[in-house]
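Remarks on the structure that follows.
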Amino acid sequence: MSAMLKEQLVKVFSLMKPGFLFQYEPELDAFLEFLIWRFSIWVDKPTPGNTLMNLRYRDERAASMRGKEVRTGLEGPGLTVPQKIWYCLATVGGQYIWARLQSFSAFRRWGDSEQRSFARRAWVLIQRAEGFYKAASFSNLLIFLYTGRYRSLIERALRARLVYGSPHMNRAVSFEYMNRQLVWNEFSEMLLLLLPLLNSSLIRKFLLPFSKDQSSGSSGDETACPVCQANPTIPFVALPCQHRYCYYCLQTRCAATPTFRCIRCNEAVMAMQRHGSIDTKIPNN
């Protein structure tokens with residue numbers, strides 16, 4: 001969930017200068033984790049992943065004090081307020097502080113300092129603490145596989161156990177998103193197949209009668225080529241409407257479409273003649 005939210009936030013800041021969010025990545029991760037904690041565990045609701053697995057947190061201390069009253073995984077109270085706060089400080093605050101400490105030590109190059117300097121000793125202490133935490137997490141994983149009680153060190157320290165949320169779980173899977181994705185993929189492939197086969201001049205000719213302003217082409221600069229909107233290179237005029245084009249623009253369109261019509265007046269081009277010449281005429285074959 002945090003990765004999906006982070007991807008959307010990165011798209012929001014995509015127009016900023018490159019590397020703008022990289023220096024604030026630990027703060028961004030901590031903010032997203034805090035939002036997930038605020039709208040799930042703090043209000044006595046499971047996280048999105050636990051919801052899919054029909055799980056919730058239970059205060060194991062209160063459940064063990066009740067004794068025989070707790071017979072199934074569905075019974076027992078939720079987490080207390082101090083447990084929720086400590087959970088936030090350990091998961092959100094702990095991960096943020098550790099990420100910032102590692103980036104700060106790497107930027108300051110504590111590992112390349114002298115053997116007896118304070119930075120070198122601090123870097124060795126960080127490496128040892130990380131190794132001890134990984135070893136403790138691995139040991140907790142083995143215990144979890146054997147007992148099935150606490151999946152992380154934080155849950156074991158807080159005595160927060162994951163139990164069933166409800167006796168009946170709806171396992172119906174919605175394929176609406178998958179169907180929409182398949183439809184969009186097929187539609188995009190169809191467009192990629194058809195677009196190269198379409199003739200832009202024929203489409204423009206077909207849509208011209210439905211245009212609100214059919215005379216918009218003639219209202220512009222009459223001296224510019226209506227195709228490239230530049231001063232005509234080797235100017236030629238279309239016959240019989242006498243509108244000026246570049247030779248290349250007019251010749252390529254007449255060659256591509258035998259029934260080519262003038263872009264300015266929509267009149268059929270029967271021939272083309274060099275501007276200023278009287279005798280030279282090139283028929284539109």
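Values as computed for the structure displayed
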{"read-out": "Distance between modelled label sites at residue 119 and residue 168, nm, 7 Å Cα→Cβ extension", "value": "6.4"}
{"read-out": "Cβ crowding within 10 Å averaged over residues, with 134-144, 149-159 ranked highest first", "value": "149-159, 134-144"}
{"read-out": "Linear extension gain, residue 54 paired with residue 274, 0.36 nm per residue minus alpha-carbon span", "value": "71.2 nm"}
{"read-out": "Separation in nanometres of the label points that stand 7 Å from Cα toward Cβ, at residue 223 and residue 143", "value": "8.9"}
{"read-out": "In Å², nearest 10: area of residue 1 left accessible to a 1.4 Å probe", "value": "110"}
{"read-out": "Accessible area of residue 188 in the full protein assembly, 1.4 Å probe (Å², nearest 10)", "value": "40"}
{"read-out": "Nearest-10 value in Å² for the accessible area of residue 182, using the 1.4 Å probe", "value": "100"}
{"read-out": "FRET efficiency estimate (nearest 0.05) - Cβ-Cβ, residue 186 to residue 15, R0 35 angstrom", "value": "0.65"}
{"read-out": "Computed FRET value (nearest 0.05) for residue 132 with residue 194, which takes r as the C-beta separation and R₀ as 51 Å", "value": "0.25"}
{"read-out": "Chymotrypsin sites (Phe, Trp or Tyr not before Pro) restricted to the range 78-121 and DSSP loop, no more than 11 other C-beta within 10 Å", "value": "none"}
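The values are calculated or read from the model by the stated rules, or taken from the named source; none is laboratory data. It should be emphasised that the depicted structure is a prediction, and the values quoted were computed from it without experimental measurement. Virtual Cβ from ideal backbone geometry, glycine too; neighbours counted across all protein chains shown. Side chains are part of the model used for accessible areas, which takes the heavy atoms of the whole protein and leaves out ligands, DNA and RNA. Shrake-Rupley method; radii C 1.70, N 1.55, O 1.52, S 1.80 Å.
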